[in-house]
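Here's the structure we're looking at; comments come further down.
The values are calculated or read from the model by the stated rules, or taken from the named source; none is laboratory data. Keep in mind that this is a model prediction, so the values were computed, not measured. Cβ placement follows ideal geometry from the backbone for every residue including glycine, while neighbour counts extend to all protein chains displayed. Surface areas here come from the heavy atoms of the whole protein model, side chains and all, with no ligands, DNA or RNA. Shrake-Rupley method; radii C 1.70, N 1.55, O 1.52, S 1.80 Å.
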Amino acid sequence: MRRRQLLVPLLVAPLLGVAGCDGLQETDHTGADAPVASALARATPTAWVLSSGGPRGFAHVGVLKALHEIGLRPDLVVGASIGSMVGCLFALGMPLPEIERLAMEFSMLTVVRPRWWPAGSGEKLSGKGIVGFINEQMKHRKLDQLPIPMAVVAMQQATRQLVAFTAGDAGVAVQASCAIEGTLAPVRIRGQPYVDPDLGAPMPVRLARALGARRVLAVDVSAHEHKAPQGSEHFRAGDLRKRALTEPDARAATFTLHPEFSYYVSMSQEFRRDLIRAGYEQTLAQATSLQALFAHP
């Protein structure tokens, strides 16, 4: 978790010198299109849950490529943080090669902006650019208008309660799901500030169950903390805290994919290719088990 929090400001630090920080202030989304947690319109017996994980989330793309080739399809996609971003594109029906192209071209500088705020008060960065990026890719379709039902998971900052946004503005919902506490400004929706669920439920399988899923395929892109290299003790402590949060949901899943790749993260092209390949190859290696558990009906 800590590595992800450190990486974001490092990548966008040059923007902080922009004069006036472009006057960016946060909006309280209260309109008719604001994200809402509404009942799903149809039964969703099989859910795929895509976890949080920052740059590690590129592995989701490879996993989805493999699942598509295996011939599996979900009735519901549930995404947390980066998992919500990838999940929305998949639920839209965007071809996997196009999602992979976007993953390889994606830049934090296009979605993270300096935030105007009184000195010493609040986060200095905003993920407001996520709204335009997601809605443009989705051609401004709402969450409840997607071919595959989509639940974008965020956490109410005050109560720490998880919320699954299933209708309304997809871009705003994803921005809320990606609002890393202490790094990116919370997103206000109907007066409530929402943040990334990473510090509450990085892989919300139990929430997918509550939405009606009987079979849940979980994709965990967190680090394999038992393989942490020497000298990474500080990071490993964060990994262990995250594992304690993830483990109850892993036990609640029908099957959990946990691709293994480099312990340290970056945003380099090589790192992205390696993660996508690892997710793809390691998912294909388990094709027989996955087909036995998740082939319809």
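Computed over the Cα atoms of the chain, pair by distinct pair, the Kirkwood hydrodynamic radius stands at 19.0 angstrom.
Counting only DSSP beta bridges whose two residues both lie in the chain, roughly 40 percent are antiparallel.
Accessible area per residue for the chain is 42 Å², calculated with a 1.4 Å probe on protein heavy atoms, without ligands, DNA or RNA. With the chain treated as a Gaussian network of Cα nodes joined by springs under 10 Å, which of Ala218, Ala252, Ala179 yields the largest mean-square fluctuation? Residue with maximal mean-square fluctuation among Ala218, Ala252, Ala179: Ala252. In this simple spin-label model, placing a label point 7 Å from the Cα along the Cα-to-Cβ direction at both His226 and Gln291 gives a separation of 3.0 nm. Normalised by 2.2 N^0.38 Å, where N counts its residues, the alpha-carbon radius of gyration of segment 198-268 equals 1.21. Comparing Pro147, Pro204, Pro74 in a Gaussian network model of the chain, where Cα atoms under 10 Å apart are tied by springs, the biggest mean-square fluctuation is seen for Pro147. Taking the charge dipole of the chain about its Cα centre, with +1 at Lys and Arg Cβ atoms and -1 at Asp and Glu Cβ atoms, the residue from His140, Ala208, Pro229 reaching farthest to the positive side is Ala208.
Tell me the net charge near Ala158. Cut-off is 14 Å between Cβ atoms, Ala158 excluded, with +1 for each Lys or Arg and -1 for each Asp or Glu. Before the final figure, lay out the partial values.
Working: positive: Arg160, Arg188, Arg190; negative: Glu181.
After counting each charged neighbour, the total is +2.
Given all pairs of different Cα atoms, what value in angstroms does the Kirkwood hydrodynamic radius of segment 118-271 take?
Radius from the Kirkwood sum: 17.2 Å.
Counting Lys and Arg as +1 and Asp and Glu as -1 over every other residue whose Cβ lies under 12 Å from the Cβ of Thr246, the net charge comes to -1.
What does the extension gain come out to for Arg273 and Arg42, with contour length at 0.36 nm per residue minus their alpha carbon separation? Additional length available on full extension: 79.5 nm. Kirkwood analysis of the Cα pair distances in segment 130-213 returns a hydrodynamic radius of 13.0 Å. Have a look at His234, His140, His29 and tell me which one the Gaussian network model of the chain (Cα, springs below 10 Å) gives the largest fluctuation. Per the Cα network of the chain with a 10 Å cutoff, His234 tops the list. Helical content of the chain, expressed as a calculated mean residue ellipticity at 222 nm, amounts to -11500 deg cm²/dmol (DSSP H runs of 4 or more residues, -39,500 (n - 2.57) each, divided by residue number, nearest 500).
Taken along the Cα-to-beta-carbon direction at a fixed 7 Å, the label points for Arg101 and Tyr263 span 3.8 nm.
Across segment 90-189, Cα pairs under 8 Å and at least six residues apart give a relative contact order of 28 percent. Histogrammed with a bin width of 5 Å, the alpha carbon distances of segment 78-178 distribute as 3, 13, 22, 24, 18, 11, 6, 3, 1 percent, first bin at zero. Were the residues from Ala32 through Leu240 laid out at 0.36 nm apart, the gain over their Cα-Cα distance would be 70.8 nm.
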